[in-house]
Amino acid sequence: MNADLLRQRRNLILISGGLLLFDFANVTVAKVNVMGTELLVGNPQVIAYFAWTMWCYFLIRYYQYLRAENDLGISTAIQSGFEGRARAYVFEILKAKQLMGSIEFRLNDAHWRYSVKEYDTNFGELREVQTGSLPRLRAFWWKAKSIYCVAIHTPKATDHVLPFLLASAAPVVSILRAVQ
């Protein structure tokens with residue numbers, strides 16, 4: 001993660017956390033102290049508008065800088081976890097401990113399929129030797145477990161997804177508090 005993205009992430013987390021804190025703590029602004037000078041706030045609503053404007057700005061900037069990143073690695077890590085579990089299942093079906101080739105997985109019409117390819121020495125290339133389907137419920141479970149593992153055991157989710165969750169919580173909480 002580059003320094004610009006880190007800065008935008010920090011700004012979004014700070015403004016979102018501040019807005020949440022103000023909502024939960026029912027903070028009202030009457031005076032502002034700026035470098036030792038006390039300012040009386042005539043219209044505290046202006047400060048709230050300014051904070052929400054800054055929240056929008058920081059949300060857009062974080063999104064822009066996040067989009068500029070080459071690879072966040074989240075989907076790759078999830079797919080890798082899924083394929084590791086699916087590969088173990090295919091090895092169990094093949095009753096093999098190793099394979100002189102590869103196993104490919106693809107999703108067709110909401111159904112996971114696998115293709116086992118082995119190296120054919122006669123032709124000098126990989127040839128498909130077996131295909132099959134992965135059980136839907138197991139495939140769903142493997143995918144869910146992979147998502148869980150990436151979210152809990154790696155910093156990928158907290159680095160990139162958590163700022164969006166925190167940012168989306170700020171207006172939701174604010175709206176819910178206003179409705180009550």
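The values are calculated or read from the model by the stated rules, or taken from the named source; none is laboratory data. Keep in mind that this is a model prediction, so the values were computed, not measured. A quick note on method: Cβ atoms are made from the backbone with ideal geometry, for glycine too, and the neighbour counts reach across all protein chains shown. SASA here: full protein model, heavy atoms, side chains in, ligands and nucleic acids out. Shrake-Rupley method; radii C 1.70, N 1.55, O 1.52, S 1.80 Å.
Summary of computed values
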| item | result |
| --- | --- |
| Residues of the range 149-175 satisfying the condition of being outside any helix (DSSP H, G or I) and hydroxyl-bearing (Ser, Thr, Tyr) | Thr154 |
| Hits in the range 103-155 - residues which are loosely packed, with under 13 Cβ neighbours inside 10 Å, closer than 18 Å to Thr76 by Cα and of a type in the set (Gly, Ala, Ser) | Ala144 |
| Residues satisfying the stated conditions in the range 52-78, i.e. within 14 Å of the chain's Cα centre (by Cα), open to solvent by less than 50 Å² (accessible area, probe 1.4 Å) and of a type outside the set (Ser, Thr, Tyr) | Leu66, Glu69, Gly73, Ile74, Ala77, Ile78 |
| Any chance Ser75 is of a type outside the set (D, E, K, R) and within 27 Å of Arg9 (Cβ to Cβ) | yes |
